[in-house]
Amino acid sequence: MNSTLAILAVLDGISYAALVFLVSVGLSLIFGVLRVVNVAHGSLYAFGAYLAATFSLAIVQVSPWLTYPALLAASIVIGAVCGGFIERFLLRPLYGRDDVLQLLITFAAFMIMDNLQRVIWGVQPIFAAEPLKLLPNISVFGVNYTSYQVILLPGVALATLFGLRYFLRKTLAGAVILAVTEDREASTAIGIDAQRVYSITFMIGASLAALGGALASPTTSLVPGMGADMIVLSFAVAATAGLGQIEGTALTALMIGLTRAFVIYLQPEFEVLVPYLLMVLVLLVRPFGLFGTVQVRKI
Amino acid sequence: MAGRIKPITAVAVIFFVGSAVAPLFVASWATLFALILAKGVVVLGIVVLLQAGQVSFGHAMFFASGAYTAAFWGKYIGTGDILLYLALGGITSTVFGLIVGLFVVRYRGIFFGMLNLAFSMVLWSLLEKMFSYTNGADGIRVARPGLLGLSFTPENFQYVILYTSLLIAVTSFYGVQRYLDSPLGHMLRAMKSNETRLEYLGMSARRVLLIGYVISALLGGIGGALVSIIQQIATPEFGFWTKSGEFVFIAILGGGAHAFGAFAGAAMFECVRFYAAAHLADSWQLILGVVLIAIILYAPNGLIGLRQRYGQSKQGGR
């Protein structure tokens, strides 16, 4: 493997890790606060991608630069509407009930959304690469790469990482979320509306999944099944990091992204195996994840 | 168990007799019922684990290992026999279940589910990517095997496989019932209510769970071999996480408290899929999703729980 390929692999890994991080951190956040493994997370990712493609294909006639706000708008719409719906009508009646039922009802949401996606957007691949083509290519150590993938995507991921950290640790709303996570009853007793906190957290997590999808949409063709693939992948990342670990998720996403990128260049057939093999190995040694502690720290 | 036949046993008997007789009148039902019974066997394994309060979100790996055992035999060794496929599928998945089980029984709840998922995804990616051995996503065709040296025409074969499935289903149903009624089965249930006390009584909870886990892996493998024979193909999708989700779904749909829930759930699931796919083209998944939501929200004990809800209260939840 020569140095050009190595640099290419690193860049691939970083841009991939940025997308995976966005989705995984949403999953982790939802689990950390609501204690629910959201199986529909991959569908939110897919819906985010499809809606973003629809928006940007529609707005590109007006001005190609408007496709960027379109991507953001799509993810917020999906997060608020689909995420809000799932939390309000499916999860809310089940708080305090069996974990299995909470997990399964999001599985039901996954089945429905997977089907709706095929009904709404069809099964033909959709391309909407405008935002990718708009930004110039840049040269990194002599390797040409799209700046969308090596600057914009990691930039958004880092902004999300630090934004979430700041929001949870430095703002009042974040403190409220942490309080509910720590002790729901006590926080309700001092007047916090835990129901609302759950709702908002779920919408934020869902928006992050949709944002991951929206940002991924220019870089890849949208096909049925992308949601089902993404949910296990983001789950592998979140579980390897330790559910509820935000910084840990970022590092794990980077680790898995880079490993996967190098494997693609060296031994392409093992590409899909990498994240799951890492997950098995890590969970066997540390069932609470690389960055989790025995009493799983929440967020 | 004193002489009185429980209503649920009666329903089970009616169901098994019905699946033996009904396809004689409607030929297209033979495959449908065979599939229901085979899936029911797999889901029995999920029900066994549910007794201990554990949910495996990776059980499709045993299903796939059973199916691929049959497929590999056909691809590399030659013509097979239904009984041979079932025996081999069962052995493979039992060994596989024992190995994986040794690791996963150390964990509970979400961690148990996660580790199972991780193992099953490793198997799935191997099946998907080892193209030269597994034909990748296309899967391996399973040629129609004989039974005890006899070979059959396609018309007869669907009945042969139906009655084989029925025999396997009844045997596993009876076996699982006996197991759950035995001291070992009661210990498995005790894990759900209070694992610490079980340990205080001098039992190893891990061992109890491992036995349950291996049994459920065996059922998964046999069911997988059956389905691969019925559908005449084994694909990586058999081991994908959505398949695992489907099995858990069927268990909850039927009701995880009783072994018959597996077959009740499988019957409902496959019938909805069969008829919705025929009449509403591409929306069977949507319908099943809505059914699942309705069951979870309004009848969390599943189909067989509905009877208990309106009937008398029975002791022990059975």
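Nothing in this text is a laboratory measurement; each read-out follows from the coordinates by a stated rule. Since the model is a prediction, treat every value here as computed from it, not as a measurement. Ideal geometry is used to build each Cβ from the backbone, glycine not excepted, and the neighbour counts take in all protein chains shown.
In units of 2.2 N^0.38 Å, what is the alpha-carbon radius of gyration of segment B:7-317? Show your work: numbers first, answer last.
Values: Rg = 18.8 Å, N = 311, 2.2 N^0.38 = 19.5 Å.
Normalised by 2.2 N^0.38 Å, the Cα Rg of segment B:7-317 equals 0.97.
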Quick one: grab Rg to one decimal and Dmax as a whole number for segment A:162-289, Cα atoms only, in Å.
17.6, 57
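Given 10 °C and 1.306 mPa s, compute D for segment B:77-234 with the Stokes-Einstein relation, Rh being the Kirkwood radius over Cα pairs; round to the nearest whole µm²/s. Walk me through the numbers on the way to the answer.
Numbers: Rh = 17.8 Å.
Answer from the Stokes-Einstein relation: 89 µm²/s.
State to the nearest 20 debye the size of the charge dipole of the protein assembly as shown about its Cα centre, where the only charges are +1 on K and R beta carbons and -1 on D and E beta carbons.
Values: 36 positive and 25 negative charges, 295 e Å.
With Lys and Arg at +1 and Asp and Glu at -1, about 1420 debye.
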Percent RCO, i.e. relative contact order, over chain B, from Cα pairs under 8 Å lying at least 6 residues apart:
33 percent
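Using the count of nearby Cβ atoms within 10 Å as a rough guide to exposure, how do B:186, B:258, A:41 rank from fewest to most? Can you show the working numbers first?
On the way: B:186 13, B:258 25, A:41 32.
Placing the least packed residue first, the sequence is B:186, B:258, A:41.
Suppose R0 equals 45 Å. What FRET efficiency, 1/(1 + (r/R0)^6) with r the Cβ-Cβ distance, do residue A:173 and residue A:251 give to the nearest 0.05?
Computed FRET efficiency for residue A:173 and residue A:251: 0.95.
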Paramagnetic label zone (point 7 Å from Cα along Cα-to-C-beta, residue A:271; backbone N under 11 Å) in segment A:111-137:
none
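Students often check this: by mean Cβ neighbours within 10 Å, which of B:110-120, B:221-231 ranks highest, and how do the rest follow? Intermediate results must be reported in sequence, preceding the final value.
Working: B:110-120: 24.5, B:221-231: 29.4.
The densest-packed peptide leads the list: B:221-231, B:110-120.
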What is the helix-to-structure angle for A:172-182, meaning the angle in degrees between its Cα long axis and the longest Cα principal axis of chain A, kept from 0 to 90 and rounded to the nearest 10?
70 degrees
Go from 0 up to the bin containing the longest alpha carbon distance in the protein assembly as shown, width 10 Å each, and give me the % of pairs per bin.
3, 16, 26, 26, 17, 8, 3, 0, 0
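Among the complete DSSP H segments of chain B, which ones combine at least 15 Å of alpha-carbon extent along their axis with a mean Kyte-Doolittle hydropathy of -1.0 or more?
Details: long enough: B:7-25 (27 Å, 2.11); B:28-51 (35 Å, 2.10); B:60-72 (17 Å, 1.24); B:82-104 (32 Å, 2.23); B:109-129 (30 Å, 1.31); B:154-181 (40 Å, 0.43); B:183-200 (17 Å, -0.80); B:205-231 (38 Å, 1.56); B:241-254 (20 Å, 0.99); B:260-279 (29 Å, 0.96); B:284-298 (21 Å, 2.49).
In chain B, the long hydrophobic H runs are B:7-25, B:28-51, B:60-72, B:82-104, B:109-129, B:154-181, B:183-200, B:205-231, B:241-254, B:260-279, B:284-298.
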Report, in degrees rounded to the nearest 10, the 0 to 90 angle that the Cα long axis of helix A:99-121 makes with the longest principal axis of chain A.
40 degrees
Can you tell me the relative contact order of segment A:60-201? Whole percent, Cα pairs under 8 Å, sequence separation 6 or more.
18 percent
For segment B:1-109, state the semi-axes of the equivalent ellipsoid (square roots of 5 times the eigenvalues of the alpha-carbon gyration tensor), sorted largest first and rounded to whole angstrom.
28, 25, 12
Cα-only Rg/Rh for chain A with Kirkwood Rh rounds to 0.97
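Grab the DSSP H runs of chain A that are 4 residues or longer, score each as -39,500 (n - 2.57), total them, divide by all residues and round the 222 nm result to the nearest 500 deg cm²/dmol. Could the numbers behind the result be given before it?
Values: 12 runs with 199 residues, N = 299.
About -22000 deg cm²/dmol.
Can you pull out the chymotrypsin sites (Phe, Trp or Tyr not before Pro) in segment B:133-177 whose DSSP state is coil and whose Cβ has at most 16 other Cβ atoms within 10 Å?
Values: sites: B:133, B:152, B:157, B:159, B:163, B:173, B:174; in loops: B:152.
Answer in residue order: B:152.
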Give me the percent relative contact order of segment A:3-285, please, defined on Cα pairs under 8 angstrom at least 6 residues apart.
40 percent
Just going by the charge dipole of segment B:7-317, with Lys and Arg at +1 and Asp and Glu at -1 on Cβ, which of B:76, B:59, B:21 is farthest out on the positive end?
B:59
Given the alpha-carbon gyration tensor of segment A:189-245, what are the semi-axes of its equivalent ellipsoid in whole angstrom, ordered largest first, with each equal to the square root of 5 times an eigenvalue?
29, 15, 9
Using the Cα centre of chain A as the reference point, and only Cβ charges (+1 on K/R, -1 on D/E), how large is the resulting charge dipole? Debye, rounded to the nearest 20.
440 debye
If I model a spin label as a point 7 Å beyond the Cα along the Cα-Cβ vector, how far apart are those points for residue B:201 and residue A:127 in nm?
6.5 nm
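Just tell me how shielded B:120-127 is by partners: mean number of partner chain Cβ atoms within 10 Å of each residue's Cβ, no decimals. Spell out each step's value before the answer.
Numbers: counts 2, 11, 8, 2, 4, 9, 6, 0.
Counting other chains' Cβ atoms within 10 Å and averaging over B:120-127 gives 5.
Could you work out the mean count of beta carbons from other protein chains within 10 Å of each residue's beta carbon in A:271-282?
Numbers: counts 2, 7, 9, 1, 4, 10, 5, 1, 7, 9, 2, 1.
Mean shielding by partner chains, rounded to a whole number: 5.
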If all Cα-Cα distances of segment B:159-247 are sorted into 5 Å bins from 0 onward, what percent lands in each bin, rounded to whole numbers?
3, 12, 18, 18, 15, 14, 10, 7, 3, 1, 0
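To the nearest whole number, what is the average tally of beta carbon atoms from other chains within 10 Å of the beta carbons of peptide A:100-106? Please report the intermediate quantities before stating the final value.
On the way: counts 13, 5, 1, 6, 12, 7, 0.
Partner Cβ neighbours, averaged per residue: 6.
Please rank B:164, B:79, fewest neighbouring Cβ atoms within 10 Å first, as an exposure proxy.
Numbers: B:164 20, B:79 12.
Result, fewest neighbours first: B:79, B:164.
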If one takes the longest principal axis of the Cα atoms in chain A, at what angle in degrees, from 0 to 90 and to the nearest 10, does the Cα axis of helix A:246-266 lie?
30 degrees
Using a simple spin-label model with points 7 Å from Cα along the Cα→Cβ vector, what separation in nm is obtained for residue A:5 and residue A:182?
5.2 nm
